[in-house]
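Engineer: The structure that follows is given in the form of structure tokens.
The values are calculated or read from the model by the stated rules, or taken from the named source; none is laboratory data. All values derive from a computational prediction rather than experimental measurement. Cβ placement follows ideal geometry from the backbone for every residue including glycine, while neighbour counts extend to all protein chains displayed.
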Amino acid sequence: DAGVIQSPRHEVTEMGQEVTLRCKPISGHDYLFWYRQTMMRGLELLIYFNNNVPIDDSGMPEDRFSAKMPNASFSTLKIQPSEPRDSAVYFCASSPTYSTPLLSSYEQYFGPGTRLTVT
Amino acid sequence: LAKTTQPISMDSYEGQEVNITCSHNNIATNDYITWYQQFPSQGPRFIIQGYKTKVTNEVASLFIPADRKSSTLSLPRVSLSDTAVYYCLVVPKTGANNLFFGTGTRLTVIP
């Protein structure tokens, strides 16, 4: 398996522009997560989906951020309009649901991240 | 989710054993202890998970005392490539999937 795929790997944009980040989870995984990482705030969970349905979006900073998962193999995180404080590395992760009671479902597989710079 | 506390940074020489301790005083009965590793410019990677006593895999060992209020990640004979940030997480066996990573421990391996 190719692992979690994210695109683009780097994005530089001007303040006010729309930014769309993309993620392809590992096939068969039914959970998908979007994280943001900065030096100041560390790694923060923004939103996660289960079977394409958003479950918890309480980490989304504000209405400028939106995420969709139209099917099991694709998700987007959109920022409109972008601001300099949105500059960060955005990670997508996916995980399966383990059926055995001995394991928890918390082995998340992370993508390489998208480094976003808003000038 | 139970809060965890771990050292911000550690240094070690190559070839030494490194032990990173994490405290989680409010751990619940159904919680598991999970460790992730993050190399520079990469996403975090799951390395080990345990509930009690000792767990060992090809990467590390995890020691959990009987009261489970702390845990120790042990990396045997570290090399320069083990330089990374190590996150200790406490997660419930069932229920929420949202992980709180905290700031982690930045391990620097010195030649």
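Engineer: Could you list, in sequence order, all residues of segment A:5-44 that are farther than 15 Å from A:L116 by Cα and crowded, with 21+ Cβ neighbours inside 10 Å?
Structural biologist: Answer for segment A:5-44, where residues must be farther than 15 Å from A:L116 by Cα and crowded, with 21+ Cβ neighbours inside 10 Å: A:P25, A:L32, A:F33.
Engineer: Is it fair to say B:G43 is within 14 Å of another protein chain (Cβ to nearest Cβ) and out of contact with any Ser or Thr (no Cβ under 7 Å at 6 or more places or on another chain)?
Structural biologist: So B:G43 fits the description; yes.
Engineer: Just checking: which of the strands (runs of 3 or more DSSP E) contained wholly in segment A:42-119 hold 3 or more residues that are modelled with pLDDT of 95 or more?
Structural biologist: In segment A:42-119, the matching strands (runs of 3 or more DSSP E) lie at A:65-71, A:74-79, A:88-95, A:114-118.
Engineer: Can you name the residue in segment B:17-38 that is over 14 Å from the mean Cα position of the chain (by Cα) and in a loop (DSSP other than H, G, I, E, B) and, of all such residues, is farthest from the other protein chains (Cβ to nearest Cβ)?
Structural biologist: B:E17
Engineer: Quick check: is even one residue across segment B:51-58 within 11 Å of another protein chain (Cβ to nearest Cβ), closer than 12 Å to B:S70 by Cα and of a type outside the set (F, W, Y)?
Structural biologist: no
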